[in-house]
Amino acid sequence: MARLFGTDGVRGVAGRDLTAETAMALSVAAAHVLGDAGVFTATGSAARRQRPVAVVGRDPRASGEFLEAAVVAGLASSGVDVLRLGVLPTPAVAHLTAALGADFGVMLSASHNPAPDNGIKFLGRGGFKLSDAVEDEIERRLGEDWDRPVGSAVGRVRDAYGEADRYISHVLTTVNGQLDGLDIVVDCAHGAAHMVAPEALLRAGARVEAIGARPDGLNINAGHGSTHLDKLQQVVVSRGADVGIAYDGDADRCLAVDHTGAIIDGDQIMAVLAADMHAKGSLAKDTVVATVMSNLGFKLAMRDAGINVIETAVGDRYVLERMKSEGFNLGGEQSGHVIMLDHATTGDGLLTSLHLLSVVARSGRSLRELASIMTPLPQILINVKDVDRGKSAADELTAAVAVAEEELGETGRVLIRPSGTEPMIRVMVEASSKDQATKVAERLADVVRVACV
């Protein structure tokens, strides 16, 4: 049977793939796995078991209402006390899991996906994402027989909507200096950041115009947010704003737009932050962690700045694992997931944007000028379908890649990646010109079609 958990929780079309029954069953299993340790408190000479506590947050999708009810019911019926946080970004739920001393957290969101989709993500103690092994254990315990608590042993449920302010206060305390004088347009994707992001930016001293900040349950990510930057670009230019910031539906990532309307992607954001932290001496081990998909221009810029780059597989969870295991404090992805481990346990779009804007304010330089620290190289990606992904290391293809790499030299590279779920091999080529990248990518794609059947 296919694994229920994907790369970022359990996702599907709400009401069809992700039903109330599934949400409740997952919550019961998660309560048994994540809440089993519980908390023991001394009472005289005896020790008694205290009910575990979970926090639950969601983005504003209409389906989040019934899924939240199912999750809360599953947890409370399993003997878990529940704090309902309401509509908040994923990183806010992660922070509050730790700040409130909860045993675990639950976030209901499908991130940048359209409104009919939804998802369930569990966070362990301290607000960190779960390992594959823990997720597998939750799946294993789905539908198991269990002793149902009764009476005083059932979990209690209370609303904790005011805890949003605790999160806002936290992210603001991490920023060095105010944003006075900056004119910002912020696109909240009609998503989870629609209240906290404009409020935090205003408190930081910026002048703020918020767009995509009127969620109705059905319009999340629709024409707005980090996957639809056209509207933000238009408003920034027409307003004459200094910077535009775009979050996705659950605000665990952000992208930016400079005053000319040019897009500043996750690699460029990381480059600006890394250079600033390096200059202040706060970049751990003078190293930033990125994925193999980060633009070569980013790696060249970091090399020139005296900063090491360590690569991981694609996915912010792999970036985080490497950061935790080796003591690094900055990492992320081209898509805008940036992890600042000194301040957060996961990618945090609001936190990232505040630190980016802080660099702009403190330096007195435009975002366009700061982002020029790196020159993104043209990147061509071809997905070659209906091939044997297991043959991505075929001798003929390996030889062709070696020839291409010699041709590209230090100003280009090749990445061949088998799809994790489909009969497809991805061919990515970067080069100093788009024409060269296209020619090399097409040539290698032809080799894949012959060698990987």
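The values are calculated or read from the model by the stated rules, or taken from the named source; none is laboratory data. Being a predicted model, the structure only gives us computed values, none of them experimental. When we count neighbours, we look across all protein chains shown, and the Cβ atoms used for this are built from the backbone with ideal geometry, even at glycine. Side chains included, ligands, DNA and RNA excluded: accessible areas come from the protein's heavy atoms. Shrake-Rupley method; radii C 1.70, N 1.55, O 1.52, S 1.80 Å.
Residues of segment 179-190 that are open to solvent by 10 Å² or more (accessible area, probe 1.4 Å) and among the aliphatic types (A, V, I, L, M): 182 alone. Here 333, 321, 369 are screened, and the one residue that is free of Cβ contacts under 8 Å to residues at least 12 places away in the same chain and under 24 Å from residue 246 (Cβ atoms) is 369.
Would you kindly identify the strands (runs of 3 or more DSSP E) lying entirely within segment 307-353 that contain at least 2 residues that are crowded, with 22+ Cβ neighbours inside 10 Å? Quick ask: steps written out before the conclusion?
Values: elements: 308-312, 330-332, 338-340.
Because the criterion is at least 2 residues that are crowded, with 22+ Cβ neighbours inside 10 Å, the strands (runs of 3 or more DSSP E) in segment 307-353 that meet it are 330-332, 338-340.
Of the helices (runs of 4 or more DSSP H) lying entirely inside segment 171-289, the ones with 1 or more residues being polar (S, T, N, Q) are found at 230-239, 266-280.
Scanning segment 412-439 for residues that are over 26 Å from the mean Cα position of the chain (by Cα), closer than 12 Å to residue 381 by Cβ and of a type in the set (A, V, I, L, M, F, W, C) yields a single hit, 437. The condition of being basic (Lys, Arg) and either within 24 Å of residue 110 (Cα to Cα) or under 22 Å from the mean Cα position of the chain (by Cα) (or both) holds for residue 253. Of all the listed residues (259, 224), the sole one being surrounded by 18 or more Cβ atoms within 10 Å (Cβ to Cβ) and in contact (Cβ under 8 Å) with a residue 24 or more places away in the chain is 224. When 72, 80, 56, 93 are screened for being in contact (Cβ under 8 Å) with a residue 60 or more places away in the chain and more than 16 Å from residue 22 (Cα to Cα), only 80 passes.
How many residues does segment 237-256 hold that are under 21 Å from residue 227 (Cβ atoms), surrounded by fewer than 24 Cβ atoms within 10 Å (Cβ to Cβ) and either touching a residue at least 60 places away in the same chain (Cβ under 8 Å) or basic (Lys, Arg) (or both)? Of the residues in that region, 0 qualify. Give segment 359-397 a look and list any residue that's of a type in the set (A, V, I, L, M, F, W, C), farther than 17 Å from residue 432 by Cα and part of a strand (DSSP E or B), or say none. Answer for segment 359-397, where residues must be of a type in the set (A, V, I, L, M, F, W, C), farther than 17 Å from residue 432 by Cα and part of a strand (DSSP E or B): 382, 384.
Can you find a residue in segment 398-421 that is in a loop (DSSP other than H, G, I, E, B), crowded, with 18+ Cβ neighbours inside 10 Å and modelled with pLDDT under 95?
yes
Taking (1) at pLDDT 95 or above; (2) closer than 22 Å to residue 89 by Cα; (3) not aromatic (Phe, Trp, Tyr) in turn, residue 310 satisfies each apart from (2).
For segment 290-306, filtered to residues that are surrounded by 23 or more Cβ atoms within 10 Å (Cβ to Cβ) and in a loop (DSSP other than H, G, I, E, B), the residue that is farthest from the chain's Cα centre (by Cα) is 295. Scanning segment 134-178 for residues that are open to solvent by 70 Å² or more (accessible area, probe 1.4 Å) and among the aliphatic types (A, V, I, L, M) returns a single hit, 150. Residues that are open to solvent by 60 Å² or more (accessible area, probe 1.4 Å), touching a helix residue (DSSP H, G or I) at 6+ places or on another chain (Cβ under 8 Å) and of a type in the set (A, V, I, L, M, F, W, C) were ranked within segment 370-396; the one that is nearest to residue 181 (Cα to Cα) is 373. In segment 116-139, which residues are in contact with a helix residue (DSSP H, G or I) (Cβ under 8 Å, 6 or more places away or on another chain) and either basic (Lys, Arg) or farther than 21 Å from residue 83 by Cβ (or both)? Across segment 116-139, the qualifying residues are 116, 121, 125, 129, 134, 137, 139.
Do we have residue 367 as crowded, with 19+ Cβ neighbours inside 10 Å and modelled with pLDDT of 95 or more here? Yes; evaluated as a whole, the condition is true for this residue.
Candidates in segment 422-453 are the residues that are open to solvent by 60 Å² or more (accessible area, probe 1.4 Å) and in a loop (DSSP other than H, G, I, E, B); of these, the one that is farthest from residue 6 (Cα to Cα) is 432. The residues of segment 98-145 that are in a strand (DSSP E or B) and small (Gly, Ala, Ser), listed by number, are 105, 119.
Of all residues in segment 181-191, one or more are at pLDDT below 95 and not polar (S, T, N, Q). Please go through segment 384-406 and give me each residue that is in contact (Cβ under 8 Å) with a residue 24 or more places away in the chain and under 30 Å from residue 274 (Cβ atoms), ordered by number. Answer for segment 384-406, where residues must be in contact (Cβ under 8 Å) with a residue 24 or more places away in the chain and under 30 Å from residue 274 (Cβ atoms): 401, 404. Screening 131, 111 for residues that are within 20 Å of the chain's Cα centre (by Cα), among the hydroxyl-bearing types (Ser, Thr, Tyr) and surrounded by fewer than 19 Cβ atoms within 10 Å (Cβ to Cβ) leaves exactly one candidate, 131.
When the test is whether a residue is open to solvent by less than 20 Å² (accessible area, probe 1.4 Å) and over 28 Å from the mean Cα position of the chain (by Cα), residue 356 does not pass it.
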